[in-house]
There are 2 protein chains.
Amino acid sequence: MSKGVGVDPMTGEAVRTGTTDIEPSLLTITRTMSPKELPPSSKLLFGRNFSDHMLKVRWTEASGWDAPSIEPYAPLSILPSATVLHYAQAIFEGLKAYRNPNGMATMFRPDKNMERMNISAQRLALPTFNGNALIECIRQLIALDRYWIPKEPGHSLYIRPTLIGTNGTIGIQPPNEALLFVICSPAGPYYPQGFKPVPLYGTTEYIRAAPGGTGAYKLAANYAPGVIAQKMAAEAGYAQNLWLHGPEHYLTEVGTMNLFVALKGEDGVIELVTPPLDGMILPGVTRDSVLTLARNHVSGKKRLAGLPEKLKVSERPITMGEVKAAAETRRLVELFGVGTACVITPVERIGYLGSDVVIPTGEDGMGPLSKPLWTELTGIQTGEIESEWNFVVTK
Amino acid sequence: MSKGVGVDPMTGEAVRTGTTDIEPSLLTITRTMSPKELPPSSKLLFGRNFSDHMLKVRWTEASGWDAPSIEPYAPLSILPSATVLHYAQAIFEGLKAYRNPNGMATMFRPDKNMERMNISAQRLALPTFNGNALIECIRQLIALDRYWIPKEPGHSLYIRPTLIGTNGTIGIQPPNEALLFVICSPAGPYYPQGFKPVPLYGTTEYIRAAPGGTGAYKLAANYAPGVIAQKMAAEAGYAQNLWLHGPEHYLTEVGTMNLFVALKGEDGVIELVTPPLDGMILPGVTRDSVLTLARNHVSGKKRLAGLPEKLKVSERPITMGEVKAAAETRRLVELFGVGTACVITPVERIGYLGSDVVIPTGEDGMGPLSKPLWTELTGIQTGEIESEWNFVVTK
């Protein structure tokens with residue numbers, strides 16, 4: 001938690017005493033005088049357009065969190081010595097707001113993002129905060145900019161909370177000033193022409209994460225180093241890269257997504273596998289949602305039409321050797337990436353050590369597990385299926 | 001190299017054609033109208049004060065490097081969607097300028113920093129540049145702000161070149177806009193009260209680098225994740241942390257410094273060991289300088305007074321087991337960190353798996369190798385010893 005600073009009466013030294021957390025009741029709103037024209041929904045590209053307003057909350061070690069403010073979207077004034085620019089003291093989140101058929105706006109599982117953002121903050125010695133308080137501030141931002149949520153099916157408003165160290169001294173230490181801000185970008189469907197399974201390049205030249213590192217946290221620092229691996233994949237003709245770990249070539253993540261593999265056992269049971277949260281895997285909200293839907297199907301809490309009767313859900317390590325062997329013996333059912341931006345991305349093949357491992361894909365691009373899971377998940381997100389995962393922004 | 005963009009006459013697609021590199025002859029200078037008061041040299045703390053001016057060079061994928069400009073030190077205007085804030089698209093360097101006894105200002109080995117900065121840029125798919133051109137721009141900045149180089153012995157002006165991705169679209173890809181800037185901070189001697197050997201905490205809970213990662217590059221992303229390890233070391237009563245790698249506990253770096261260990265062999269030869277540049281170690285300029293001075297002593301190119309006659313210089317892996325065994329058999333001569341900020345930092349003990357490994361230190365805090373190496377190195381840096389490593393800023 002953020003703390004104020006007082007003086008120890010025994011030693012006269014500064015000590016952390018009080019707590020000033022994010023306080024939604026202090027939120028101020030300054031509306032833009034020049035609203036932007038809404039971009040046509042048909043031409044949206046991910047992360048290019050931003051809505052009229054943004055949320056800002058400043059933090060100092062001395063006083064804790066300032067009063068939050070909603071302001072017109074504008075450049076930030078950042079000292080050239082700010083630690084975010086030199087040492088990557090930065091974390092972020094990504095979540096989406098949807099406009100439901102009845103006009104209601106909702107956010108999908110924002111509590112999960114707040115929980116993870118606080119865990120990321122602790123990993124970098126950045127200040128933590130009350131997640132519900134920030135959700136309420138974001139809710140007011142989205143309510144104000146609700147016209148920026150595209151109405152069309154499959155469209156959404158991508159929300160990007162970011163927390164950066166802003167203190168202007170270039171020593172390497174926990175920051176004593178920080179800025180939390182939230183910006184919003186309207187997003188079209190990831191696959192406007194229907195599902196298109198992607199080819200992946202199995203990356204063994206670079207790593208995304210390692211034991212004792214930061215792969216399980218949503219840090220800015222985890223992303224820039226991956227651009228070169230993505231570039232290498234693109235140059236070799238693949239859409240994205242698949243991060244393989246260790247001499248065993250464990251599958252870990254797909255580009256910036258979590259991944260699932262479906263395998264058919266000799267007993268006819270389908271096993272849905274995702275790598276375990278061993279410290280190298282980002283605990284994705286979509287990953288958690290897919291696991292929960294699949295487990296509810298298995299337990300009978302909520303059966304999903306189309307999902308195999310005999311299903312087993314596993315969080316366990318899986319190697320490229322196992323995937324390749326399953327492909328060769330026709331036991332590989334499908335492989336897909338999951339994430340907030342795409343929801344689910346089916347994979348058609350993996351370039352691995354010089355040749356391609358071919359992955360089965362369904363007629364319309366999705367497989368027998370990904371399709372019912374995607375249908376249920378997007379049904380919940382768009383409000384067609386009622387769920388406690390939807391957080392109401394405005395009715 | 002940076003490239004302009006043209007159109008392929010065969011396909012009509014955009015292709016990279018021209019090159020617009022950093023061009024010192026286009027440099028413009030805007031002097032500050034309100035020069036700051038120089039901070040008293042006796043009260044300087046590292047990285048707290050910045051000189052009156054800064055250098056800026058913008059880059060776009062479309063046009064390459066813009067004309068460089070020297071401007072008053074001021075906050076930067078950065079889009080909230082800039083990739084440096086979200087994905088740590090940022091690299092930096094650190095080097096020093098000195099005022100010599102005769103009033104001449106010099107920089108220490110700036111060519112090495114430019115070389116490394118270009119290598120770091122490539123690792124993040126940031127634009128590269130002509131290092132000599134940037135040195136000339138920095139030279140003009142330092143010449144303008146030369147009064148900010150404190151005159152007192154052991155003082156210097158710390159120079160911080162930084163390159164950040166500034167494009168305002170939150171896709172994860174090579175940036176199409178970037179900003180290179182250079183700021184300067186006056187620095188006192190690292191040890192104002194004479195050398196004080198520091199205790200280190202041997203970190204096995206977190207990693208700084210791993211094979212296939214980014215440890216060999218000077219990326220912003222390598223620093224924020226280390227703050228928590230430093231904090232843990234401080235809470236346990238140690239000054240800094242020692243990064244140990246793998247189950248063998250290889251010594252890699254000390255906090256943000258390279259390290260050297262001196263061992264006495266049974267034949268009486270002293271071995272000066274530093275971990276090899278295996279992809280996990282930052283190729284430090286001070287590391288390279290210490291290796292060069294020691295090797296010149298061994299080869300007879302330049303003998304250093306006080307350095308052992310029988311000396312062997314090794315770049316090889318070394319484990320905590322070896323260091324501990326050498327300490328127990330009295331074959332451990334000394335252990336020290338090296339870096340631009342401190343030059344040389346002697347170590348007095350290492351907290352390792354619950355107990356302390358004690359390191360010998362000399363009467364005045366430095367050991368039989370670090371002292372003559374430090375004397376030579378600082379003699380060169382301050383201009384008392386002539387060397388091709390000094391780059392003249394102004395006569």
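In whole angstrom, how long is each semi-axis of the equivalent ellipsoid of the range B:213-297, when you take the square root of 5 times every eigenvalue of its Cα gyration tensor and sort them from largest down?
The equivalent ellipsoid of the range B:213-297 has semi-axes of 25, 17, 12 Å.
Report, to the nearest 10°, how far helix B:285-299 tilts away from the longest principal axis of the Cα atoms in chain B, using its own Cα long axis and a range of 0 to 90°.
In chain B, helix B:285-299 runs at an angle near 50 degrees to the longest axis.
In a GNM of chain B with a 10 Å cut-off on Cα contacts, which of B:Arg303, B:Arg48, B:Arg287 has the highest mean-square fluctuation?
B:Arg48
Please list, ordered by chain and number, the residues whose modelled amide H lies under 5 Å from the amide H of B:Lys96; skip anything fewer than 5 residues away on the same chain.
B:Phe108, B:Ile159
Please turn the phi angles of the range A:38-51 into ³J(HN,Hα) values with the Karplus equation 6.51 cos²θ - 1.76 cosθ + 1.60 (θ = phi - 60°), one per residue in order, whole Hz, x for glycine and proline.
Values, residue by residue: 5, x, x, 4, 6, 10, 5, 10, 4, x, 9, 10, 10, 6 Hz.
Read phi for every residue in the range A:121-137 and hand back ³J(HN,Hα) as whole Hz from Karplus 6.51 cos²θ - 1.76 cosθ + 1.60, θ = phi - 60°, with x for Gly and Pro.
Those phi angles translate into 4, 4, 4, 9, 6, 8, x, 9, 7, 6, x, 5, 5, 5, 4, 5, 5 Hz.
Counting only DSSP beta bridges with both residues in chain B, tell me the antiparallel percent, nearest 5.
Here the share of antiparallel DSSP bridges comes out near 80 percent.
Using only alpha carbon pairs under 8 Å that are at least six residues apart, calculate the relative contact order of the range A:38-178 and give it in whole percent.
For the range A:38-178, the relative contact order is 33 percent.
If amide H atoms are built 1.01 Å from N in the plane of the peptide, which residues on other chains or at least 5 residues away come under 5 Å of the amide H of B:Glu334?
For B:Glu334, the qualifying residues are B:Ala262.
Towards the positive end of the charge dipole of the protein assembly as shown, with charges on Cβ (+1 Lys, Arg; -1 Asp, Glu), say which of A:Gly64, B:Ala220, A:Leu38 has the farthest Cα.
A:Leu38
How big is the C-alpha Rg of the range A:265-366 next to the rule-of-thumb value 2.2 N^0.38 Å, as a ratio?
Cα-based Rg divided by the globular estimate yields 1.11.
Using Stokes-Einstein with the Kirkwood hydrodynamic radius over Cα pairs, what translational diffusion coefficient do you get for the range A:284-342 at 37 °C and a viscosity of 0.692 mPa s, in µm²/s rounded to a whole number?
248 µm²/s
How large, in percent, is the carbon and sulfur part of the accessible surface of the protein assembly as shown at a probe radius of 1.4 Å?
Taking all protein chains in place, the protein assembly as shown shows 52 percent carbon and sulfur surface.
Across the residues of A:46-53, average count of Cβ atoms on other protein chains within 10 Å?
If you average over the peptide's residues, the count of other-chain Cβ atoms is 3.
Dividing the convex hull volume of the alpha carbon atoms of the range A:345-395 by its residue count, what do you get in Å³ per residue?
Hull volume normalised by residue count: 116 Å³.
For chain A, what is the relative contact order in percent, using Cα pairs closer than 8 Å and at least 6 residues apart in sequence?
After rounding, I find 17 percent.
In nm, one decimal, shortest first: how far is the label point of B:Thr30 (7 Å from Cα along Cα to beta carbon) from the matching points in the other copies?
Copy-to-copy label distances for B:Thr30: 2.3 nm.
Could you work out how far apart the two model spin labels at A:Glu386 and A:Lys231 are, taking each label as a point 7 Å from the Cα in the direction of the beta carbon, and quote it in nm?
Output for this residue pair reads 5.2 nm.
How high is the FRET efficiency between A:Leu45 and B:Ser42 when r is their beta carbon distance and R₀ equals 51 Å, given to the nearest 0.05?
FRET efficiency, A:Leu45 to B:Ser42: 0.35.
Gap in Å between the Cα centre of the range B:339-381 and the Cα centre of the range B:142-160?
Centre-to-centre distance over Cα atoms comes out at 25 Å.
What area, in nm² and to one decimal, does the C-alpha convex hull of the protein assembly as shown cast on average over all directions?
Hull-based average projected area comes out at 38.3 nm².
Work out from phi, with θ = phi - 60° and the Karplus expression 6.51 cos²θ - 1.76 cosθ + 1.60, the ³J(HN,Hα) of each residue of the range B:140-147, listed in order in whole Hz, and give x for Gly and Pro.
Per residue, the Karplus-derived 3J(HN,Hα) values read 5, 5, 5, 4, 5, 9, 5, 5 Hz.
At a probe size of 1.4 Å, how large is the accessible area of A:Arg146, to the nearest 10 Å²?
My reading of the accessible area for A:Arg146 is about 90 Å².
Search the structure for amide H atoms under 5 Å from the amide H of A:Thr394, placed 1.01 Å from N in the peptide plane, and list their residues when 5 or more places away or on another chain.
The list, which skips near neighbours in sequence, is A:Ala105.
Could you sort B:Tyr147, B:Tyr217 by their accessible area in this structure, using a 1.4 Å probe and putting the largest first?
Correct descending sequence by accessible area is B:Tyr147, B:Tyr217.
Can you compute the helix-only [θ] at 222 nm over chain B? Use -39500 (n - 2.57) per DSSP H run of at least 4 residues, normalise by all residues, nearest 500 deg cm²/dmol.
-6000 deg cm²/dmol
Just by accessible area at a 1.4 angstrom probe, what is the order of A:Asp52, B:Asp364, A:Asp267 from largest to smallest?
Largest accessible area first, the residues go A:Asp267, B:Asp364, A:Asp52.
If we count every other residue with Cβ under 12 angstrom of A:Arg109's Cβ, Lys/Arg +1 and Asp/Glu -1, where does the sum land?
Taking every Cβ under 12 Å from that of A:Arg109, the sum is -1.
Can you tell me what share of the DSSP beta bridges in the protein assembly as shown is antiparallel? A percent to the nearest 5 is fine.
So the antiparallel bridges amount to about 80 percent of the total.
Given a Förster distance of 45 angstrom, what is the FRET efficiency for B:Arg330 paired with A:Asp111, based on the Cβ-Cβ distance and rounded to 0.05?
FRET efficiency, B:Arg330 to A:Asp111: 0.15.
For the cross-link pairs A:Lys231/B:Lys218; A:Lys43/A:Lys218; B:Lys112/B:Lys151; B:Lys312/B:Lys371; B:Lys218/B:Lys301; A:Lys96/A:Lys395, which exceed 22 Å when the distance is taken from alpha carbon to alpha carbon?
Pairs exceeding the cut-off: A:Lys43/A:Lys218; B:Lys112/B:Lys151; B:Lys218/B:Lys301.
Determine the shape class of the range A:209-259: with a ≥ b ≥ c the square roots of the Cα gyration tensor eigenvalues, call it rounded for a/c under 1.5, and otherwise prolate if a/b is greater than b/c, oblate otherwise.
In terms of gyration-tensor shape, oblate.
Counting other Cβ atoms within 10 Å, which GluC sites (Glu not before Pro) in the range A:266-332 have at most 12 and lie in a DSSP loop?
Sites meeting the loop and neighbour criteria: A:Glu266, A:Glu309.
Any number yet on Rg/Rh for the range B:198-380, C-alpha, Kirkwood?
Reported Rg/Rh (Cα atoms, Kirkwood Rh): 0.94.
So, with +1 on the Cβ of K and R and -1 on the Cβ of D and E, and no other charges, what is the size of the charge dipole of the range B:217-376 about its Cα centre, to the nearest 20 debye?
For the range B:217-376, the charge dipole is close to 400 debye.
Treating only the Cβ atoms of Lys and Arg (+1) and Asp and Glu (-1) as charged, compute the dipole magnitude of the protein assembly as shown about its Cα centre; round to the nearest 20 debye.
The calculated dipole for the protein assembly as shown is roughly 600 debye.
Please compute the Cα-Cα pair-distance distribution of the range A:165-207 with 5 Å bins starting at 0, giving whole percents from short to long.
Histogram of Cα-Cα distances, whole percents per bin: 5, 12, 10, 8, 8, 12, 17, 13, 11, 5, 0.
Semi-axes, largest first, in whole Å: what does sqrt of 5 times each Cα gyration tensor eigenvalue give for chain A?
Its equivalent ellipsoid spans semi-axes of 38, 26, 20 Å.
What is the gain in length, in nm to one decimal, between B:Lys310 and B:Asp21 on full extension, counting 0.36 nm per residue of separation less the C-alpha to C-alpha distance?
Contour length minus the Cα-Cα distance gives 99.2 nm.
Rg over Rh of the range B:141-261, using C-alpha atoms and the Kirkwood radius, what does it come to?
In the range B:141-261, Rg relative to Rh is 1.04.
If you place +1 on the Cβ of every Lys and Arg and -1 on the Cβ of every Asp and Glu, how big does the dipole about the Cα centre of the range B:88-247 come out, in debye to the nearest 20?
320 debye
In nm, give the distance between the simple-model label positions of A:Tyr190 and B:Glu266, each being 7 Å from the Cα along the Cα-to-Cβ direction.
6.3 nm
Just name one of A:Met280, A:Met114, A:Pro346: the one whose Cα is farthest towards the positive end of the charge dipole of the protein assembly as shown (beta-carbon charges, Lys/Arg +1, Asp/Glu -1).
A:Met114
The values are calculated or read from the model by the stated rules, or taken from the named source; none is laboratory data. Everything numeric here is computed off the predicted structure, so don't read it as measured data. Glycine gets a Cβ as well: all are built from the backbone with ideal geometry, and neighbour counts include every protein chain shown. We work out accessible area using only protein heavy atoms, side chains counted, and drop any ligands, DNA or RNA first. Shrake-Rupley method; radii C 1.70, N 1.55, O 1.52, S 1.80 Å.
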